[in-house]
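Asks: The structure's right below; bear with me while I get my questions together.
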Amino acid sequence: MVIRHRDTLTCRTNVGTMKIDPHDTRVAVQAIADWIADPDNQEKPARKQLADATRLTARTLAQDAPGHSVEVRVPPFVAVQCIEGPRHTRGTPPNVVETDALTWLRLATGKTTFEEELANGRIEASGTRAGEISAWLPIISL
């Protein structure tokens, strides 16, 4: 369930309530935007910066596309469930998308597409509905 209060979004999860502030998400992404855009020629950000941007963008996806039919995993930072549909309660979910933090952030900012990264092997996707997350990307355009 998502509740909007001014510019802050509250997202209820199985571990409580978390507030997603779009401004905080944008600030976290902007802090490492140069690396996201050109990782080969920019210094890798500090782990905390990378974790913050990854977690906030993934949780924004979960808020924008509420549901439990697809699980998005960006180890070691975050895993979220999204997209309306059948809910799984135990074990491995039927629809999973897993990728590294850089690929996720490039997807979340519109620097690449789900289809391109899937073809390049930087995304592991299983299940018939895994690709539906592409309809919810980008989360923040750079």
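Asks: Is at least one residue of segment 6-28 modelled with pLDDT of 95 or more, aliphatic (A, V, I, L, M) and not in a loop (DSSP other than H, G, I, E, B)?
Replies: yes
Asks: A follow-up question, please. Need pairs with beta-carbon distance below 7 Å; first residue surrounded by 13 or more Cβ atoms within 10 Å (Cβ to Cβ) and within segment 38-61, second in a helix (DSSP H, G or I) and not hydrophobic (A, V, I, L, M, F, W, C); sequence gap 6+ or separate chains.
Replies: Q42/D34; L56/D24; L56/T25; T57/T25; T60/T25
Asks: Would you pick out the residues in segment 119-129 that are more than 16 Å from V70 (Cα to Cα) and surrounded by 14 or more Cβ atoms within 10 Å (Cβ to Cβ)?
Replies: Selection gives R122 alone.
Asks: Which numbered condition trips up G121, out of (1) of a type in the set (G, A, S); (2) at positive phi; (3) in contact (Cβ under 8 Å) with a residue 60 or more places away in the chain?
Replies: (3)
Asks: In segment 77-109, what residues are crowded, with 19+ Cβ neighbours inside 10 Å, out of contact with any Leu (no Cβ under 6 Å at 6 or more places or on another chain), over 19 Å from R47 (Cα atoms) and in contact (Cβ under 8 Å) with a residue 40 or more places away in the chain?
Replies: Of everything in segment 77-109, just one residue is crowded, with 19+ Cβ neighbours inside 10 Å, out of contact with any Leu (no Cβ under 6 Å at 6 or more places or on another chain), over 19 Å from R47 (Cα atoms) and in contact (Cβ under 8 Å) with a residue 40 or more places away in the chain, namely I83.
Asks: Moving on to the next point. What about L50, is it at pLDDT below 95 and closer than 26 Å to P39 by Cα?
Replies: no
Asks: Let me ask you something else. With respect to G85, is the statement that it is over 19 Å from S141 (Cα atoms), modelled with pLDDT under 90 and not polar (S, T, N, Q) true?
Replies: So G85 fits the description; yes.
Asks: Here is a further query. So which residues in segment 93-127 are farther than 18 Å from A58 by Cβ and modelled with pLDDT under 95, if there are any at all?
Replies: Within segment 93-127, just P94 meets the criteria.
The values are calculated or read from the model by the stated rules, or taken from the named source; none is laboratory data. Quantities reported herein were computed from a predicted structural model and do not represent experimental measurements. Positions of Cβ are generated from backbone atoms using ideal geometry, with glycine treated the same way; all protein chains shown enter the neighbour counts.
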